[in-house]
Amino acid sequence: MTVCAVSTETLPTFNTSNINTNSITRGFRISRLAAHTLVGLCIVSLIFPLGSKHFKLAIIQWWCKHLLSIFNVSLVRLGDSPPSYKTASNNMIIANHISWLDIHAINSILPLTFIAKSDIKNWPVLGYLISKGNVLFIERGKRHHATRIVDITTRHLKTGDNLCLFPEGTTTDGTTIMPFKGSVVQSAIAAQSTIWPLAIRYPHPAGGINTALAYAGETTMAQSMRQLLRQKRPVVELHFLTPIVTAELAEHQQNRRDLTLHIQSLITQKLAL
């Protein structure tokens, strides 16, 4: 259901927030984050191996919602909302990628299996938690592995799983979009999945893009965390665009490259980049 629309007019870009948290607030958030992380480690180590698929998805959604709450992140969901994980089946969300926070924002709405580059496993603590959740890792630059991941993701979709793909293959600061890589999009076509294009945006309180929340370039995880802790009320916007039912596409429209470029164009236009 369409909730509302937002303006995507090009606005000035700011790098830092003029309104920061004080040391007491940051200390309180850090203590909550440590406790929440410990709970997460216990859950994935002791409970996950015994839980059903829907139980795991419910826990992932709960954990991610509370993580956003700890950082006081305001999540704004707009456009065509995807169905609940209890009824969703054979869906692929395709989104631009800005921060590690993207994963948790999406999971708080619809817990998914993410297709991610393997170096995410090296993220401190969060990498371990993510790897114990629903993640299919891609070895970038290995052609044979790319072929195998397409086969694997196709099987996952055909069995009813819901996946998320960041086809840029990297993160940006939110002011631009890198070219989309379309190999895994073939999985959605082969499985006749519903594709949900998703435009992610971190707006700045003063207007423009909140580039301080990006986990991109030479930014380390520690630096990214500190930037997030410093902001009083960061905002993430998830713009769900009109879903694409691949089974209803004409044969000549099911070219993987053309479909990937079309999705990239939709997201770029929505973000006015």
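Where a number appears in this text, it was derived from the coordinates with a stated rule and is not lab data. As the structure is a prediction and not an experimental result, all values here were calculated from the model. Quick reminder, even Gly has a Cβ in these numbers, built from the backbone with ideal geometry, and neighbours come from all protein chains shown.
Between 42, 64, 164, which gets the highest mean-square fluctuation from a Gaussian network model of the chain, Cα cutoff 10 Å?
Of the options given, 42 has the highest mean-square fluctuation.
Determine ³J(HN,Hα), in whole Hz, for all residues of region 32-41 in sequence, where each value follows from phi through the Karplus function 6.51 cos²θ - 1.76 cosθ + 1.60 and θ = phi - 60°; x replaces Gly and Pro.
5, 4, 4, 5, 5, 5, 4, 4, x, 5
Return the long-range amide H neighbours of residue 90 (sequence gap of 5 or more, or a different chain), with a cut-off of under 5 Å between placed amide H atoms.
Excluding prolines and chain starts, which carry no amide H, the hits are 160, 161, 162.
Taking every DSSP beta bridge that has both residues in the chain, what percent is antiparallel when rounded to the nearest 5?
So the antiparallel bridges in the chain amount to around 30 percent.
What lysines sit close enough to residue 132 to cross-link, taking a C-alpha to C-alpha distance under 19 Å and skipping anything fewer than 8 places away on the same chain?
53, 56, 65, 117, 121
In a Gaussian network model over the chain where Cα atoms closer than 10 Å are linked, find which of 70, 24, 149 has the largest mean-square fluctuation.
Of 70, 24, 149, the most mobile in the Gaussian network model is 24.
For residue 270, list the lysines whose Cα falls under 24 Å from its own Cα; do not include residues on the same chain fewer than 8 positions away.
The qualifying lysines are 181.
Relative to the Cα centre, what is the charge dipole magnitude of the chain, using +1 at the beta carbon of each Lys and Arg, -1 at the beta carbon of each Asp and Glu, and rounding to the nearest 20 debye?
780 debye
What FRET efficiency comes out for the pair residue 272/residue 50, r = Cβ-Cβ distance, R0 = 51 Å, nearest 0.05?
Between residue 272 and residue 50 the formula returns 0.60.
Once the other residues with Cβ under 12 Å from the Cβ of residue 167 are scored (Lys, Arg +1; Asp, Glu -1), what is the net sum?
Charge balance in the 12 Å sphere: +3.
Over the Cα atoms of the chain, each weighted equally, I'd like the Debye log10 I(q)/I(0) at q = 0.07, 0.10, 0.12, 0.13 Å⁻¹, rounded to two decimals.
Debye output, listed in q order: -0.24, -0.50, -0.73, -0.87.
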